[in-house]
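The values are calculated or read from the model by the stated rules, or taken from the named source; none is laboratory data. What you see is a predicted model, and the numbers here were worked out from it, not measured in a lab. Please note: Cβ atoms are built from the backbone with ideal geometry, for glycine as well, and neighbour counts cover all protein chains shown. All accessible areas refer to the heavy atoms of the entire protein, side chains included, with ligands and DNA or RNA removed. Shrake-Rupley method; radii C 1.70, N 1.55, O 1.52, S 1.80 Å.
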Amino acid sequence: MKQCTHADALPHPEPVPLSETCTECLALGTHPVQLRLCLTCGHVGCCDSSPGQHATGHHKDSGHPVMRTFEPGESWRWCFVDHVLV
Ligand SMILES: [Zn+2]
Ligand SMILES: [Zn+2]
Ligand SMILES: [Zn+2]
């Protein structure tokens, strides 16, 4: 199994969310299905089931490796580089 080294390098405490929803969706008038929080900078983007896939877009633009779910009651984290839960 592949080991992720990115999770250990994340800032502590985790960044404050920059917004309450996906601001790109807000600007475009599209609706996020679920939200993801970037654990490097606090960017909030929508998941891959959403029309814009802005969390993935943020990773591609910024190179920030790890996001976590921004949904109440969920706590998993995902590394975009290694494609593993961390
Ligand atoms: Zn990783
Ligand atoms: Zn979005
Ligand atoms: Zn980020």
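Hey, among 10, 28, which residue is more than 9 Å from ligand 2 (Cβ to nearest atom), touching a residue at least 12 places away in the same chain (Cβ under 8 Å) and at negative phi?
Every option except 10 fails the conditions.
Restricted to region 1-37, and to residues that are open to solvent by 60 Å² or more (accessible area, probe 1.4 Å) and touching a helix residue (DSSP H, G or I) at 6+ places or on another chain (Cβ under 8 Å), which residue is nearest to ligand 3 (Cβ to nearest atom)?
Applying the filter and picking the extreme gives 24.
Of these, 79, 4, which one is touching an Asp or Glu at 6+ places or on another chain (Cβ under 6 Å) and touching a residue at least 24 places away in the same chain (Cβ under 8 Å)? Working first, answer last.
Details: 79 fails: touching an Asp or Glu at 6+ places or on another chain (Cβ under 6 Å).
Just one listed residue meets the conditions, 4.
Would it be correct to say that residue 40 is open to solvent by 20 Å² or more (accessible area, probe 1.4 Å) and either over 19 Å from residue 12 (Cα atoms) or more than 11 Å from ligand 1 (Cβ to nearest atom) (or both)?
Yes: the conditions hold for residue 40.
Report, by residue number, each residue of region 47-82 that is within 16 Å of ligand 1 (Cβ to nearest atom) and within 18 Å of residue 31 (Cα to Cα). Step through it out loud before you land on a result.
Quick first cut of region 47-82, residues within 16 Å of ligand 1 (Cβ to nearest atom) only: 55-56, 58-60, 62-68, 76-82.
The answer is 55, 56, 58.
Quick one: in region 43-83, of everything that is open to solvent by 20 Å² or more (accessible area, probe 1.4 Å) and β-branched (Val, Ile, Thr), which residue is nearest to ligand 2 (Cβ to nearest atom)?
56
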